Amino acid sequence: VFQLSVPLNFLGSVYRELRQSLLDMETLFNLQKVAVTVKDKEGAPPLRIGGVSIPADVSSPIAKKPLHSPEIRFENVTFGYHPDRPILKDLTFTIPAGKKTAIVGPSGGGKSTVLRLLFRFYDVQGGRILIDGQDVRDVQMDSLRRAVGVVPQDAPLFNSSVMENLRYGRLDADDGEVKRAANKARISSIVESWPAGYDTVVGERGLMISGGEKQRLAVTRLLLKDPPILFFDEATSALDTHTESALLQNINAILREKQRTSIFIAHRLRTVYDADLIVVLEDGGVAEQGTHDQLVDRGGVYADLWSAQEMRFIEEENLSGESSR
Ligand code: ATP
């Protein structure tokens, strides 16, 4: 009994730290400016996806059997951080189940707001948000948030080894699983090149790592967590073009294989032109939507953004080609 209690106590404290970090991450994530006002309805049930209840408790796996991925629908959603200044105006669109959807559009159009509302950091002022038909206001918030995995623009790391930082994607993952996920996220060879490898301490008091490395660590966590809904918020913006396209290829292959509902917020259209659906948000509403080819043919906002970005991209490629010659 005595022999057992030592490692269990030790695990207990690691677990508490991990749990705290998970909570910190969810609070930290894009929340700097948020005053939390939303609450669970009394007796709210957990979110159900494909007949499976998503447990709120981070220590239990999201699901034992392979998960179905849900459809998400914004229905006549009206929202403003200040009621007299609406940001989303009667916004309606559907994110199809198991497909890759991109949300693009001019800065300030409301893209990140969509993510915050899906997470229920705020409640809508009109309309509703449905996940497989369930209003996000009617389900347990912790369960809802567990069902959505996010790779934010700037993923927080806590002060511990790389291995532990990654494992909090899924607490029961063994080292082999963590390393395989790191490999898919294109970060394993970098970690292995550090003298202490996966034992390297990162975070506030540890090794300073680059924005691009952080993003790949966040992708590793997400691959381990394997939630039914994946949200990438400018998740590869700190990477150079080549690393970014290699990582996106890996992510796309995984999304296709698992048929996950995924949403990409993107400024650079090159990273999402292959999406099954592209929703162009402008001034709080859907300006247009369709596939890349449909939108280019349409000759609207998307087509303009695309040609402007392509021109810039070609110019940059030419410049970098010249300077390396
Ligand atoms: P970007 O592409 O620049 O990230 P976005 O399309 O994601 O922009 P949002 O971040 O959703 O746009 O912001 C939409 C509008 O809401 C902006 O005008 C922004 O200033 C405003 N806004 C965002 N967060 C808050 C907040 N916490 N309080 C008040 N206004 C906010």
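Within segment 293-300, is there a residue that is of a type outside the set (A, V, I, L, M), open to solvent by less than 60 Å² (accessible area, probe 1.4 Å) and closer than 27 Å to residue 238 by Cβ? Even if it seems obvious, please write down each step before you answer.
To start, the set of residues in segment 293-300 that are of a type outside the set (A, V, I, L, M) comprises 293-294, 297-300.
From what is left, the residues that are open to solvent by less than 60 Å² (accessible area, probe 1.4 Å) are 299-300.
If we keep only those that are closer than 27 Å to residue 238 by Cβ as well, we get none.
Within segment 293-300, not a single residue is of a type outside the set (A, V, I, L, M), open to solvent by less than 60 Å² (accessible area, probe 1.4 Å) and closer than 27 Å to residue 238 by Cβ.
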Of all residues in segment 222-248, which are at pLDDT 85 or above and part of a helix (DSSP H, G or I)?
222, 223, 224, 225, 248
Restricted to segment 104-126, and to residues that are open to solvent by 40 Å² or more (accessible area, probe 1.4 Å) and more than 9 Å from the ligand (Cβ to nearest atom), which residue is farthest from residue 47 (Cα to Cα)?
125
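Look at residue 210 and say whether it is surrounded by 14 or more Cβ atoms within 10 Å (Cβ to Cβ) and at pLDDT below 85. Walk me through how you get there before you give the answer.
On the way: surrounded by 14 or more Cβ atoms within 10 Å (Cβ to Cβ): no; at pLDDT below 85: yes.
Judged against the criteria, residue 210 is not a match.
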Residues of segment 71-101 satisfying the condition of being touching a residue at least 60 places away in the same chain (Cβ under 8 Å), away from the ligand (no atom under 16 Å from the Cβ) and within 13 Å of residue 117 (Cα to Cα)
72
Selected residue (only one of 139, 202 is closer than 27 Å to residue 97 by Cα and crowded, with 20+ Cβ neighbours inside 10 Å):
139
Taking only segment 143-169 into account, find how many residues are surrounded by fewer than 18 Cβ atoms within 10 Å (Cβ to Cβ) and among the acidic types (Asp, Glu).
1
Can you name every residue in segment 55-102 that is modelled with pLDDT of 90 or more, part of a loop (DSSP other than H, G, I, E, B), aliphatic (A, V, I, L, M) and within 16 Å of residue 147 (Cβ to Cβ)?
97
Those residues of segment 283-292 which are open to solvent by less than 20 Å² (accessible area, probe 1.4 Å), in a strand (DSSP E or B) and touching a residue at least 40 places away in the same chain (Cβ under 8 Å) amount to 285
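For segment 234-258, what are the residues that are within 16 Å of the ligand (Cβ to nearest atom) and open to solvent by less than 30 Å² (accessible area, probe 1.4 Å)? Step through it out loud before you land on a result.
Pass one, segment 234-258, residues within 16 Å of the ligand (Cβ to nearest atom): 234-238.
Within segment 234-258, 234, 235, 236 qualify.
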Go through (1) surrounded by 13 or more Cβ atoms within 10 Å (Cβ to Cβ); (2) not in a strand (DSSP E or B) and name the single condition residue 280 misses.
(2)
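The values are calculated or read from the model by the stated rules, or taken from the named source; none is laboratory data. Just so you know, these numbers come straight off a predicted model, no measurement behind them. Positions of Cβ are backbone-derived with ideal geometry, glycine not excepted, and every protein chain shown enters the neighbour counts. When the accessible area is computed, the model is the full protein with side chains, heavy atoms only, and any ligands, DNA or RNA have been set aside. Shrake-Rupley method; radii C 1.70, N 1.55, O 1.52, S 1.80 Å.
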